[in-house]
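Colleague: One structure, pasted below without further comment.
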Amino acid sequence: MNTGVVRPAGALHCPAMRSDSAARVRPFEALDEQELCRRLSPAIRAFAHRRLERAAAEDFAHDALLLVIEALREGRVQEQNQLGSYALGVCRNLARDRARAGERRQQLFEKYGVTEEDLVALHAPLEVKRAKLEDCFSQLTQRARQVIRSTFCDDSADAEIASALSVSEPNVRVIRHRSLTALRACLETPISWVAR
Amino acid sequence: MILEPTETNPLTRLDDYLRKRDTEAEAAAYEDELFARAVAGDAPELGFHAGFEKSLRAMNEAGTLDLWLTAKDVERVMKSGARVKTIVVDPSAPEPVDASDDFDILITRVPLDLTGVRRLDVDVRTPEGMLLKTMPEALFDPADKAIYGCCEAELARTAAAVPSRTEFWATGDDGQRRLLATIHL
């Protein structure tokens, strides 16, 4: 039985189940794919969290679960009692691949005298001066402030922002673009109180 | 109101790319061009966008992104763990702001009767009247009977160091705009 509804499975979410019968494989009578995902997810997460730091573990767990779902959809696992060992195999293979990538990275670090900290520093964006940003942000209209905050701080989609503000999606885009352009121009000028 | 689309500039083009507003083919072509420009040091929008987003998120988390807060917002800032200095600036008897001591955030409570006010705009001027900035649609809750200015230390010290005139313009239900209060500091 499968409802086709995506249900939360802890911090992980099984991808939406396709309802077209041609794309679906129903290898197990007792449990549907979503329930299997829900059961396996904590084990995969535990496997990942034992080996990786939080962000990487979440990424790993998603990849592993996706590979398990792929196997289910393609009918590569026919028996429910095989699924546990199959999933563990997926996790181990994925871990080996990542370990190899890690070893390769370590070799490159040593070869070229680069450190993890060097990479972090290279990736770190230069922050905008906060006093200036506060000064400039306050000069936007309420709607523009809301679009900028929703976009960059809340990671909201344009459709959500449009709905919240009762404007169209293209309008959200226009407001964001105009606000970004205005903020950038403002940030290049002296702070308001001393601009005299 | 429907606004006309903005013309493409590097920053807004980057925004469209990040939000998948383009086709895969357009994105692929853009990536070729973007990486070439980045290598040439000719893609300043990349650094701006990343830095802007990082600072914006940090300030939003700290509760200092908005310069005007309600009393409820102030409570949240007070509980944030930052060193918060609070002062009251009464428009009828303003005292000079002392921003010399150690703090992270300055909260300035300005008592105002906001009954019937639908919109509040704040202008900052030089003592001679030259407009320095307009802050449209300041956030407020009439029930607070005050508005709260919230500045991180650097902005607070910069603003406190120079004489200024702050005007609070209220627009009521009748659509009339009137000067609610002026603070000379």
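Colleague: Let me spell out the model: positive unit charges on the Cβ of Lys and Arg, negative unit charges on the Cβ of Asp and Glu, origin at the Cα centre of chain B. What dipole size does that give, in debye rounded to 20?
Modeller: 640
Colleague: Scan around residue B:132 for amide H atoms under 5 Å from its own, H built in the peptide plane at 1.01 Å from N, and keep only partners 5 or more places away or cross-chain.
Modeller: Under 5 Å from the amide H of residue B:132 lie the amide H atoms of B:124, B:125, B:126, each far enough along the sequence or on another chain.
Colleague: Quick one: if you stick a label point 7 Å off each Cα along the C-beta vector at residue A:160 and residue B:98, how many nm between them?
Modeller: Going by the 7 Å Cα→Cβ label model, 4.5 nm.
Colleague: Using a Gaussian network model on chain B with a 10 Å cutoff between Cα atoms, which of B:78, B:59, B:130 fluctuates the most?
Modeller: Of B:78, B:59, B:130, the most mobile in the Gaussian network model is B:130.
Colleague: On to the next question. State, as an integer percentage, the relative contact order of region A:107-196 based on alpha-carbon contacts under 8 Å between residues 6 or more apart.
Modeller: 29
Colleague: Per the Kirkwood definition applied to all pairs of different Cα atoms, how many angstroms is the hydrodynamic radius of region B:25-88?
Modeller: Hydrodynamic radius (Kirkwood, Cα only) of region B:25-88 equals 14.9 Å.
Colleague: Would you work out the charge dipole size for the protein assembly as shown about its Cα centre, treating the Cβ of every Lys and Arg as +1 and the Cβ of every Asp and Glu as -1, and quote it to the nearest 20 debye?
Modeller: Its charge dipole is roughly 680 debye.
Colleague: Any idea which of A:84, A:192, A:57 is furthest toward the positive side of the dipole for region A:57-196, if Lys and Arg beta-carbons carry +1 and Asp and Glu beta-carbons -1?
Modeller: Ranked along the dipole, the leading option is A:192.
Colleague: Give the calculated FRET efficiency between residue B:86 and residue B:58 to the nearest 0.05, with a Förster radius of 25 Å applied to their Cβ-Cβ distance.
Modeller: 0.70
Colleague: Using only Cα atoms, what is the ratio of the radius of gyration of chain B to 2.2 N^0.38 Å?
Modeller: Taking N as the residue count of chain B, the ratio is 1.31.
Colleague: What's the whole-number percent of alpha carbon pairs in region A:84-195 lying beyond 21 angstrom?
Modeller: Percent of Cα pairs beyond 21 Å in region A:84-195: 62.
Colleague: A follow-up question, please. Obtain the radius of gyration and the Kirkwood radius of region B:74-119 from its C-alpha atoms and give Rg over Rh.
Modeller: Using only Cα positions, Rg/Rh for region B:74-119 is 1.05.
Colleague: At 0.36 nm per residue, and after removing the present C-alpha to C-alpha distance, how many nm does the segment from residue B:21 to residue B:157 gain when stretched out fully?
Modeller: 44.8 nm
Colleague: Inside 10 Å of the C-beta atoms of A:177-187, what's the mean count of C-beta atoms belonging to other chains?
Modeller: For this peptide, the per-residue mean of nearby foreign Cβ atoms is 4.
Colleague: While we're looking at this one, here's another question. Putting +1 on Lys and Arg Cβ atoms and -1 on Asp and Glu Cβ atoms, find which of B:124, B:114, B:14 reaches farthest to the positive end of the dipole of chain B.
Modeller: B:114
Colleague: log₁₀ I(q)/I(0) of the protein assembly as shown at q = 0.08, 0.11, 0.12 Å⁻¹, via Debye over equal Cα point scatterers, no solvent, to two decimals?
Modeller: For the protein assembly as shown at q = 0.08, 0.11, 0.12 Å⁻¹, log10 I(q)/I(0) is -0.62, -0.98, -1.08.
Colleague: Tell me the relative contact order for chain B as a rounded percent, counting alpha carbon contacts under 8 Å between residues six or more apart.
Modeller: 20
Colleague: Taking R0 as 22 Å, what's the FRET efficiency between residue A:70 and residue A:39 from their Cβ-Cβ distance, rounded to 0.05?
Modeller: 0.80
Colleague: Still on this structure, please answer the following. So, by mean Cβ neighbours within 10 angstrom, what's the order for B:171-180, A:33-42 with the highest one leading?
Modeller: Highest to lowest by the protection proxy: A:33-42, B:171-180.
Colleague: Quick one: if the Förster radius is 56 Å, what FRET efficiency do residue A:78 and residue A:114 give, using the C-beta to C-beta distance and rounding to 0.05?
Modeller: Plugging the Cβ-Cβ distance into 1/(1 + (r/R0)^6) gives 0.75.
Quick note: the coordinates plus some simple rules give every number you see, no bench work behind them. Here the structure is a predicted model, which is why all the values come from computation and not from measurement. Reconstructed Cβ throughout: ideal geometry from the backbone, glycine too, with neighbour counts over all protein chains shown.
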